[in-house]
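First comes the structure, then the notes that go with it.
The values are calculated or read from the model by the stated rules, or taken from the named source; none is laboratory data. From a predicted model like this one, the values you see are computed outputs, not experimental measurements. Heads up, the Cβs are rebuilt from the backbone with ideal geometry, glycines too, and the neighbour counts pull from every protein chain shown. Just the protein is used for accessible areas: all its heavy atoms, side chains included, with ligands, DNA and RNA removed. Shrake-Rupley method; radii C 1.70, N 1.55, O 1.52, S 1.80 Å.
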Amino acid sequence: MTGRYARRYAHVVTMPTVPAFGPEAAARLATMADVTASDTALRRFLHGLPGVDAVGLEARAATLGTRSIKTTAKSYAIDLAISMIDLTTLEGADTPGKVRALCAKGIHPDPTDRTAPKVAAICVYPDMVKTAKEALRGSGINVASVATAFPAGRTALPVKLADTADAVAAGADEIDMVIDRGAFLTGRYLQVFEEIRAVKTACQRPDGSAAHLKVIFENGELATYDNIRRCSWLAMLAGADFIKTSTGKVAVNATPPNTLLMLEAVRDFRDAVGVQVGVKPAGGIRTTKDAIKYLVMVNETLGEEWLSPHWFRFGASSLLNDLLMQRQKLSTGRYSGPDYVTVD
Amino acid sequence: MSEKSEKSERLSVFKTYKLYVGGKFPRSESGRVYEVTDSKGNWLANAPLSSRKDARDAVVAARKAFGGWSGATAYNRGQVLYRVAEMLDGRREQFAAEVAAAEGISKAKAAAQVDAAVDRWIWYAGWTDKIGQIVGSANPVAGPFFNLSTPEPTGVVVVLAPQASSFLGLVSVIAPAIATGNTVIVVASENSPLPALALGEVLATSDLPGGVVNILSGRTAEISPSLASHQDVNAIDLTGADAGLAKDLQIAAADNMKRVLRPRGAKDGDWSADPGLDRLKAFLETKTVWHPIGV
């Protein structure tokens with residue numbers, strides 16, 4: 001396993017970690033060009049990854065979920081979690097008014113307490129990017145847009161690329177793409193790889209900068225932990241800046257075990273290639289308690305470097321209200337209620 | 001040897017009393033229990049010693065249940081409450097024994113108390129679809145409008161149950177609050193919580209949606225302050241609080257302008273008297289609608 005070699009020889013070869021969206025990342029990924037040279041090579045590499053010990057993984061995730069985080073640590077965790085939220089609205093019924101309201105909430109999550117941090121990004125459909133961009137002007141909050149025929153991803157590549165380019169042109173700072181699960185499950189890994197590469201290229205802006213690319217696996221449809229591990233490596237090799245668990249549109253979304261597995265893949269990838277990739281669990285995280293469990297996993301698996309909105313995000317909508325109610329409880333000493341946060 | 005064991009007495013089965021929150025029977029989140037004794041100090045059972053987190057969970061459950069319960073028709077609520085009375089009636093002996101042990105009164109007196117409690121439950125069940133006619137009205141206004149005032153439930157109500165009357169008093173404070181469509185969190189009598197915890201078992205088997213009544217046992221002075229200051233609680237009934245605690249709770253409740261019921265006079269007086277409509281009216285808000293007349 002490349003990760004183990006890298007750790008064993010870490011004292012011999014020093015390889016500073018570079019961010020996935022930085023200019024040096026391409027050179028690092030090029031060192032792995034042999035495994036992505038052909039479909040056969042890629043399959044051999046992905047299937048050569050060690051199998052996942054499902055019982056061990058679930059037990060580890062459950063153990064990390066039992067940590068008790070109280071008082072000042074809890075207060076820190078709540079503020080950190082708020083600042084990591086990709087506040088999301090992905091409904092057919094989204095209107096410009098709703099998107100603007102969500103943007104206003106993202107800038108000042110708690111209007112009664114201006115010390116509450118702002119969220120990391122607002123996540124919308126491509127046609128709402130312009131509205132969100134205008135509403136967020138000057139706030140420092142990014143606009144994330146889903147693209148590539150979210151959530152199913154069942155269209156031809158040119159359509160997906162046009163969808164992406166359109167969102168980038170409208171001002172999206174981050175693109176959340178979905179992989180072609182059909183191709184992945186059929187075993188056409190190189191097709192998935194090339195598609196991610198193509199979308200990454202489509203994220204380029206004319207001025208040479210690029211929107212950050214998050215790659216959504218839809219873990220609930222990948223069926224096995226082994227597939228999630230393979231998919232993580234595949235996406236990171238293809239140049240993903242972030243890997244994201246799910247769309248939030250299927251029954252099984254982010255769970256502690258499948259997120260832990262992705263965190264471990266990111267850790268091994270950093271050890272092997274020296275590229276830092278972010279992780280975004282999305283869907284199903286609704287309570288402060290859950291969010292803190294995820295933060296504990298990040299800290300224990302990847303370390304403090306990842307405890308920042310640059311490297312870890314929550315894709316959520318209702319989570320923010322629960323975080324705010326807990327925050328009010330900590331600052332006032334009395335339990336808050338849903339009457340004191342917005343309905344969205 | 002075999003002869004002896006055949007004759008040996010059956011081992012007694014100790015009952016684990018548990019909380020009743022959201023239609024389920026959890027232990028206290030804190031894992032704590034306290035010893036409940038009868039009036040002579042003999043051990044009866046261990047009851048859960050609720051923490052403020054149990055109180056918080058109970059509020060969440062009560063809030064969740066409020067929409068369905070307050071939205072049910074008054075007739076339907078009456079049917080459900082009548083069903084509760086039926087179930088209570090079937091377990092009269094159990095409650096009589098628990099009340100006798102808790103309050104140190106004779107079996108006959110305890111049985112009379114339980115009968116009175118069942119009757120009271122039925123009495124309140126009958127009021128669900130009649131209270132609107134009594135406290136609502138069609139108001140005469142100087143204009144072409146129908147002007148109608150109707151009572152609406154206040155919301156999530158915290159009830160500190162009477163400390164001395166462990167069952168009749170308990171029923172007399174719960175039934176009127178839920179009859180009008182509120183959902184309640186009951187803090188049971190501190191020294192004799194067993195009838196209240198057993199009431200949870202009756203409610204769970206009688207069509208009452210989970211979360212409409214949530215029963216906590218423990219130290220009233222420990223649980224009630226966080227409930228009184230809770231922003232998602234709409235009203236609090238201070239029947240079971242002593243004067244000092246009641247004052248503190250009123251101050252805490254002022255912050256989100258909770259409706260506070262502080263019964264006057266002897267709180268643990270005679271619950272057998274006709275309760276009147278005061279407790280039904282205590283947790284109602286009046287909604288007035290103006291509707292244009294004619295076409």
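Inside the range A:283-336, residues that are at positive phi and surrounded by fewer than 20 Cβ atoms within 10 Å (Cβ to Cβ) make up a count of 3. Of all residues in the range B:153-197, those that are under 21 Å from B:ARG56 (Cβ atoms) and open to solvent by less than 10 Å² (accessible area, probe 1.4 Å) total 20.
The residues of the range B:249-260 that are at pLDDT 95 or above and surrounded by 15 or more Cβ atoms within 10 Å (Cβ to Cβ), listed by number, are B:LEU249, B:GLN250, B:ALA252, B:ALA253, B:LYS258, B:ARG259, B:VAL260. Helices (runs of 4 or more DSSP H) fully within the range A:234-344 that include at least 1 residues being within 14 Å of chain B (Cβ to nearest Cβ) and farther than 27 Å from A:THR63 by Cα: A:318-332. Exactly one residue among B:ARG91, B:ARG56, B:ARG63 is within 14 Å of chain A (Cβ to nearest Cβ), closer than 16 Å to B:ILE215 by Cβ and either open to solvent by 50 Å² or more (accessible area, probe 1.4 Å) or over 21 Å from the mean Cα position of the chain (by Cα) (or both), and that residue is B:ARG56.
Residue pairs whose Cβ atoms lie under 6 Å apart, separated by 6 or more positions or on different chains, with the first residue in the range B:224-237 and more than 9 Å from chain A (Cβ to nearest Cβ) and over 17 Å from B:SER51 (Cα atoms) and the second in a loop (DSSP other than H, G, I, E, B) and open to solvent by 10 Å² or more (accessible area, probe 1.4 Å), are B:ASN234/B:THR154; B:ALA235/B:THR154; B:ALA235/B:LYS258; B:ILE236/B:LYS258. For first residues located in the range B:283-295 and closer than 15 Å to B:ALA138 by Cβ, partners that are loosely packed, with under 11 Cβ neighbours inside 10 Å and lie 6+ apart or on another chain with Cβ distances below 6 Å form the pairs B:ILE293/B:PRO144. With the structure loaded, tell me whether A:VAL273 is of a type in the set (A, V, I, L, M, F, W, C) and at pLDDT below 95 or whether it fails that test. Criteria met by A:VAL273. Scanning the range A:37-53 for residues that are assigned to a helix (DSSP H, G or I) and under 23 Å from the mean Cα position of the chain (by Cα) returns a single hit, A:LEU46.
Among the residues making up the range A:125-149, those that are of a type outside the set (Gly, Ala, Ser) and touching an Asp or Glu at 6+ places or on another chain (Cβ under 7 Å) are A:TYR125, A:PRO126, A:MET128, A:ASN142, A:VAL143, A:VAL146, A:THR148. Picking from residues in the range A:160-180 that are in a helix (DSSP H, G or I) and open to solvent by 30 Å² or more (accessible area, probe 1.4 Å), the one that is farthest from A:MET128 (Cα to Cα) is A:LEU161. The set of residues in the range A:173-187 being closer than 21 Å to A:PRO281 by Cβ and not charged (D, E, K, R) consists of A:ILE175, A:MET177, A:VAL178, A:ILE179, A:PHE184.
Being at pLDDT 95 or above and open to solvent by less than 60 Å² (accessible area, probe 1.4 Å) is true for just one of A:LEU136, A:LEU157. Which residue is that?
Numbers: A:LEU157 fails: open to solvent by less than 60 Å² (accessible area, probe 1.4 Å).
It is A:LEU136.
If the requirement is being small (Gly, Ala, Ser) and open to solvent by 10 Å² or more (accessible area, probe 1.4 Å), which of these qualifies: A:SER232, A:SER209, A:SER246? Write out each step before concluding.
On the way: A:SER232 fails: open to solvent by 10 Å² or more (accessible area, probe 1.4 Å); A:SER246 fails: open to solvent by 10 Å² or more (accessible area, probe 1.4 Å).
Every option except A:SER209 fails the conditions.
Looking only at the range A:116-166, residues that are in contact with a Pro (Cβ under 6 Å, 6 or more places away or on another chain) and more than 20 Å from A:PHE217 (Cα to Cα) come to 4 in all.
Residues are listed down the side, and each one gets a yes or a no for (1) at pLDDT 95 or above; (2) hydrophobic (A, V, I, L, M, F, W, C); (3) not in a helix (DSSP H, G or I):
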{"residue": "B:GLY41", "(1), (2), (3)": "no, no, yes"}
{"residue": "B:ARG83", "(1), (2), (3)": "yes, no, no"}
{"residue": "B:MET87", "(1), (2), (3)": "yes, yes, no"}
{"residue": "B:GLY143", "(1), (2), (3)": "no, no, yes"}
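Beta carbons closer than 9 Å, at least 6 apart along the sequence or on distinct chains, pair a first residue in the range A:23-35 that is open to solvent by 50 Å² or more (accessible area, probe 1.4 Å) with a second that is in a helix (DSSP H, G or I) for A:THR31/A:VAL273; A:ASP34/A:ALA41; A:ASP34/A:PHE45.
Here's the yes/no breakdown for (1) in contact with an Asp or Glu (Cβ under 7 Å, 6 or more places away or on another chain); (2) at pLDDT 95 or above; (3) not acidic (Asp, Glu):
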position: A:THR186; (1), (2), (3): no, yes, yes
position: A:ARG197; (1), (2), (3): no, yes, yes
position: A:GLU218; (1), (2), (3): no, yes, no
position: A:ALA223; (1), (2), (3): no, no, yes
position: A:MET236; (1), (2), (3): no, yes, yes
position: A:VAL266; (1), (2), (3): no, yes, yes
